[in-house]
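Heads up, the thing below is written out as structure tokens.
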Amino acid sequence: MTKFSISARTLLLGLGAGTLALGLAPALPAIIAPAPLAAQSASELDAVVAALRGISTMRADFTQTDRAGNVAAGVMTLKRPGKIRFDYGKNADFLVISNGKSLFVVDYEVAQVERWPIGNSPLGALFDPQRDVKRFGKLIPTGNKDVISVEVRDPKKPEFGMINLIFVRKAAAPGGWQLAQWVALDAQNHRTRVQLSNQTYGIPVADSTFTFKDPRRTARRPG
């Protein structure tokens, strides 16, 4: 495998049983660490729900870092409900994609495809319409009125892992709050961090964006 593929596999496939950890460049560390608030603010959770539901389509650059400091970057494209693509560039042999039902990790270097139901990923809180952020989320103190941090996990399904979503106040973003970064943690404590930049919303995104050529059927990487 190429050096990139090894790095990507370390970041993405340090999976617990059926979970995918995609996730934050080391920024705003104080937001991630504190214990949850004792009294949660319904209004802030409502703001997060409105921000997520207000995203019809979104494209952003991402930088992804694991706990060992391995870094990968690319472009994330999201289309609700349920579709997401993490593209690591045309020279990469790795792709992460959801078609609305399943989340796929595609490795063109070794002609391998791994598949999970979208609800089994910590990222389900971001793009799976069945994962209710208000029901499963709790606020994390930030000490900053312009930053909201929400930890999302299903206590009845710990094998699905946890995701901590970070929003910053921005008038131009859906609901007035922009998803800036997140940290995902699987059931085996494999942690991945992702930071977003250059977010754009409401852009035309074809459904074909969320399809891929199966490397098990062809040895050629799609152009």
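Side notes on the structure shown:
- Residue list for region 69-112, restricted to those being closer than 17 Å to residue 209 by Cα and among the β-branched types (Val, Ile, Thr): 75, 77, 84, 96, 97, 105, 106
- Test: residue in region 48-56 that is assigned to a strand (DSSP E or B), surrounded by 15 or more Cβ atoms within 10 Å (Cβ to Cβ) and in contact with a Gly (Cβ under 6 Å, 6 or more places away or on another chain): no
- Complete set of residues in region 137-168 that are assigned to a strand (DSSP E or B), among the small types (Gly, Ala, Ser) and in contact with a Ser or Thr (Cβ under 6 Å, 6 or more places away or on another chain): 149
- Residues of region 67-100 that turn out to be closer than 19 Å to residue 190 by Cα and surrounded by fewer than 20 Cβ atoms within 10 Å (Cβ to Cβ), as a count: 6
- Restricting attention to region 185-204, the residues being of a type in the set (A, V, I, L, M, F, W, C), more than 19 Å from residue 173 (Cα to Cα) and either modelled with pLDDT of 95 or more or not in a strand (DSSP E or B) (or both) number 1.
- Any hit, region 61-78, residues being modelled with pLDDT of 90 or more and in a loop (DSSP other than H, G, I, E, B): no
- Of note, residue 215 satisfies the criterion of being of a type outside the set (D, E, K, R), at pLDDT below 95, surrounded by 14 or more Cβ atoms within 10 Å (Cβ to Cβ) and more than 19 Å from the chain's Cα centre (by Cα).
- Residue satisfying all of: in region 164-186; in contact with a Leu (Cβ under 9 Å, 6 or more places away or on another chain) and among the small types (Gly, Ala, Ser); surrounded by the fewest Cβ atoms within 10 Å (Cβ to Cβ) among these: 175
- Test for residue 171: is it outside any strand (DSSP E or B) and at pLDDT below 85: no
The values are calculated or read from the model by the stated rules, or taken from the named source; none is laboratory data. Keep in mind that what you see is a predicted model, and the values were worked out from it rather than measured. Cβ coordinates were reconstructed from backbone atoms using ideal geometry, including for glycine residues, and neighbour counts include every protein chain displayed.
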